[in-house]
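Have a look at the structure below, then the notes.
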Amino acid sequence: MTEEKEAARGRLRQLREEITYHDHRYYVLDQPVIADAEYDRLFRELLALEEKFPELVTADSPSQRVGGAPLAKFATVPHSHAMLSLENAFSEAELRDFEERLRRFLKEAPQMTYVAEPKLDGLAVELVYEQGLFILGSTRGDGRIGEDITQNLKTIAAIPLRLQGVAPDRLEVRGEVFMVGAGFKKMNEERAAAGEPLFANPRNAAAGSLRQLDPRLTARRPLDFYAYGVSDPADLAGCATQGELLGRLGELGFKVNPLVRRCPTMAEVIGHYRHLLEIRTQLDYEIDGMVVKVDSFALQERLGNKARSPRWAVACKFPASQATTRLKAIDFQVGRTGVITPVAVLEPVVVGGVTVSRATLHNEEEIKRKDLKLGDMVLVQRAGDVIPEIVQPITDLRTGAERPVAMPAQCPSCGHGLVREEGEVGLRCVNAHCPAQRLRSLVHFTGKGGMDIEGLGRKAMEQLFAEGLVADLPDIFAMQAEALEKLDGWAAKSADNAVQAIAASRNVSLARFLAALGIRHVGEVTAELLEERFVTLENLMAASLEELLTIEGIGGQVAGSIRDYFGDPAVQMMLHRLREQGVAPRRSTVGGQGELPLRGAVLLFTGTLASFSRDEAKEIVKKLGGQVSSSLNRKVTHLVCGDKPGSKLQKAVELGIAVLNEKEFQQLIS
Ligand code: IVH
């Protein structure tokens, strides 16, 4: 045993080093040198060995990033050196004033070199390393005392658990945790799909993620980190300037922002500011200005600090991302299911470097809640990638000429009358042939929630619809590369790729196909129930209302909607044409009825599970033939409660749904 353990100890050390090396190549340098599958193999080997010898798990093992047990609350930690904030400058002139102040204070006019760094819009954190090992991470807090968020910070792959090369005995590294735009967008899409509240911007999302008491939740958030300083430069012998310090932080294994510039003159600082302002919208993370620091630590020391901010640095903020403008009109857009959505038409205004002329208003309720009138001056805000929104009308500026907003009586696309159905907030166009709905349906069909056909995103579908190339679903499958190629913005290669992607989607699973059709009340869960029961589209089309109603989880409204849909001769004709085009959806799941233990079960998770991440649990349920619902409805057969289950538990009990705790869930799946 001891021999085996000794061998494991050696192998574990090797694995830790190898994985850490690959993490650094991948997350910090963005230059991976190993295939994902090979990396996964190493990681699995590490986990297996650590499971066998838990006493050999070390604090710097990559396995420690996945997140430990939840905390009841965060402990507080004093910072050895206060984490100061920065004074702001709002213009190029104020940057010149900054240089003037430096010269006055130093009572001389040395040729000063600066380091200009993007001001990352995230959260400042401090990372403490002892003997090269990451031992403590904290928030800025009030500058003197922060909160211990070590477990959460460990889940961020860009933060080294052990420093590379020769590290000082103790080092306190400072930098910014932030969320990249793409990750933020994806996360919000998933939250929207799960019916969870959305984060307003990446900064709030990053803050919310870091303040999770359960590190396993943090681990699933796409967080990143750039280092920009240390609490005391004296800890890094041989570093005399901020520029050298950043280089050294890179050597120790940290990510340092590539847009940092050493500028020998203030003119160059200003040049870099203009450059950053220009490219900020192209970055995949948010910056809200530029930080200018005096490069020399000797000069920094002479300049010293004021109460809350150092004299040797200043933050030059970008123009605000709020602006006021006039609400000219409200457009009413027709969605896929005919729901009418109001969209504000604004006098174009530059907000955070981007011209904004439209903002979403969601629904009539929102117009009422915000008390908007046509002609109002309104406060508009834009946060990064987020769709611009109206914050509020500026009622002080009203002249009396403003007019109330009238909701339309007819569909703005087809002129058909609108109805408001019971229990719904919005108005709806119920004309099955409405062109706007048709276009939205096409976009949904090829999009992510539907068939997910590469190259046929919203813009492409709008173009194909406008050009008359695609009027309905079968047209998509009749598409020729030659026709596509002739359109604006298309080339031989993109046309070819799109046609190939279309061809590949002909053998889609029945469930995905049904969800893509966008039948009312048929989402992914219902689509899977239908696939499971009917196997082929033909069987489903022939199903009677009674037959549909025998399926557990399908009620009268859903069954009626399915029957109405397939009973429509126009739909039958369209499906016939799709079949002629070779579209042959069929059951995807292998194994027959009864073989899989969770077949027919629809599980909903609430609260935090101790031994699985939500994604792992979902994966297991699906593998066993069950389905996972994202909301509490009549289709749900089991509610699985982790820690802090919330309001769903009470509701499930009221609805008579089986409630399982984690142990019972484990029994169910074992
Ligand atoms: S230096 C004393 N560098 O800006 C020096 N800060 O108001 C203070 N920030 O809380 C920090 N990017 O969250 C520095 N490149 C950068 C920065 C940066 C973003 C944030 C940081 C800090 C705030 C200062």
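The figures follow:
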item	result
Modelled FRET efficiency - R0 30 Å, residue 399 with residue 90, Cβ distances, 0.05 increments	0.45
For the range 103-188: relative contact order, % (alpha-carbon pairs under 8 angstrom, 6 or more apart)	33 percent
Normalised contact order of the chain, rounded percent, pairs of Cα under 8 Å and 6 or more residues apart	9 percent
Scattering profile of the range 560-670 at q = 0.10, 0.11, 0.13, 0.14 Å⁻¹ [log10 I(q)/I(0), Debye over alpha-carbon scatterers]	-0.43, -0.50, -0.64, -0.70
All-pairs Cα distance distribution in the chain, expressed in whole percent, bin size 20 Å	14, 40, 36, 9, 0
Calculated over the range 139-261: convex hull of Cα atoms, volume per residue (Å³)	125 Å³
FRET efficiency, 1/(1 + (r/R0)^6) with R0 60 Å, evaluated for residue 302 and residue 51 via beta carbons	0.60
Label-point separation, residue 387 to residue 190 (7 Å along Cα→Cβ), nm	2.2 nm
Nitroxide proxy distance, nm - points 7 Å out along Cα→Cβ at residue 105 and residue 58	4.3 nm
Orphan Cys of the chain, criterion: no other Cys C-beta under 4.7 Å	239, 263, 316, 641
Shape metrics for the range 370-521, restricted to C-alpha atoms - Rg then Dmax, Å	20.3, 61
Peptides ranked, highest mean first, by Cβ atoms within 10 Å: ranges 548-557, 146-155, 245-254	146-155, 245-254, 548-557
Rounded to 10°, Cα long-axis angle of helix 242-251 versus longest principal axis of the chain	60 degrees
C-alpha center-to-center spacing [the range 390-454, the range 228-295] in angstrom	46 Å
Computed lengthening from residue 659 to residue 251, 0.36 nm per intervening residue step minus Cα-Cα distance	141.6 nm
Extended-chain gain in nm, criterion 0.36 nm per residue less alpha-carbon gap, residue 467 and residue 333	46.2 nm
Cα→Cβ-extended label distance, 7 Å offset, between residue 44 and residue 9, nm	2.8 nm
Apportionment of accessible area to carbon and sulfur, the chain, percent (1.4 Å)	51 percent
For the range 211-259, convex hull of alpha carbons as volume per residue, Å³	113 Å³
Pairs beyond 20 Å (Cα-Cα), from 154/622; 293/317; 73/663; 73/648; 328/370; 459/493	154/622; 73/663; 73/648
Accessible surface, the chain, averaged per residue in Å² (probe 1.4 Å)	49 Å²
Gained length - residue 409 relative to residue 521, 0.36 nm times residue gap less alpha-carbon distance	37.8 nm
Where only C-alpha atoms are counted, convex hull volume of the range 243-346 per residue in Å³	199 Å³
Theoretical FRET efficiency, 1/(1+(r/R0)^6), r = Cβ-Cβ of residue 482 and residue 317, R0 56 Å, to 0.05	0.60
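The values are calculated or read from the model by the stated rules, or taken from the named source; none is laboratory data. The structure displayed is predicted, hence computed values, not measured ones. Reconstructed Cβ throughout: ideal geometry from the backbone, glycine too, with neighbour counts over all protein chains shown. Ligands, DNA and RNA are excluded from the accessible area calculation, which covers all protein heavy atoms including side chains. Shrake-Rupley method; radii C 1.70, N 1.55, O 1.52, S 1.80 Å.
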